[in-house]
Amino acid sequence: MLSFKFDKTYFIHFTNKSIWTSDIQIMYEDKIRTVIETKFLGLFIHNNLSWKTHVECIKSKLSSAFYSKQSVILYVSLNTLHMIYYSYFHSVIANGLLFWWHSSESTKFIRLQKKVIRIMMGCSQRKLYFNLGILPLPSQYILSLLLLVRRNKNQFLVKSEI
């Protein structure tokens, strides 16, 4: 008794970047569409697993977060700026970080995070992250990986089992 919402049901065939041949046909009364990219759980997934569309979407969201932070910096306290950072910037960056971090575009986000934090602090110190208690993006990625391993530790072999 499985039912589909055909206006929201898509078929995506994952392929190699250099080869695009799709001879697979999924049909049910011509209602299931084949797409090359789709949004799934907030992530834009391309059929060749390129994260370019997702990264572009994140960039536009972060640009608006950057603007909002710049416009209120003179009027709010550091605690409020900290909350704004986590609600606008961190929440967008953390979504799917494990998947898209190895994209060639990720270095742009490191620079943007530094820029946002410098605006929050009003200076360009080296220990900005430590003073605010915010992890730099590479460290945030490592923490996400460690948390994934910890939550799924029964899925991994331990050294004595190998």
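Computed from the coordinates by the stated procedures, all read-outs in this text should not be read as laboratory data. Since the model is a prediction, treat every value here as computed from it, not as a measurement. Glycine also receives a Cβ, built like all others from the backbone with ideal geometry; neighbour counts cover every protein chain displayed.
Most exposed first by the Cβ proxy, i.e. fewest other Cβ within 10 Å, how do PHE6, PHE44 rank?
PHE6, PHE44
Rank these for me by crowding, ARG151, ARG33, going from fewest to most other beta carbons within 10 Å.
ARG151, ARG33
Which of (1) 1.12; (2) 1.08; (3) 0.95 is the computed Rg/Rh (Cα atoms, Kirkwood Rh) for the structure on display?
Step by step, Rg/Rh (Cα atoms, Kirkwood Rh) for this structure corresponds to label (2).
Where does the charge balance sit around TYR88 when Lys and Arg score +1, Asp and Glu -1, over other residues with C-beta under 9 Å from its C-beta?
In short, +2.
On a 19 Å Cα-Cα criterion, which of the cross-link pairs LYS69/LYS114; LYS69/LYS115; LYS8/LYS61; LYS8/LYS59 come out too long?
From the list (LYS69/LYS114; LYS69/LYS115; LYS8/LYS61; LYS8/LYS59), the Cα-Cα distance tops 19 Å for LYS8/LYS61; LYS8/LYS59.
Could you put GLU161, GLU105 in order, starting from the residue whose Cβ has the fewest other Cβ atoms within 10 Å? Don't jump to the answer; show the numbers that get you there.
Values: GLU161 6, GLU105 14.
Starting with the residue having the fewest Cβ neighbours, the order is GLU161, GLU105.
Tilt of helix 52-72 relative to the longest C-alpha principal axis of the chain, in degrees (0 to 90, nearest 10)?
30
To the nearest 0.05, what FRET efficiency results for ILE142 and VAL76 with a Förster distance of 30 Å applied to their C-beta separation? Don't skip to the answer; put the middle values down first.
Working: r = 31 Å, r/R0 = 1.03.
Efficiency, from the Cβ-Cβ distance: 0.45.
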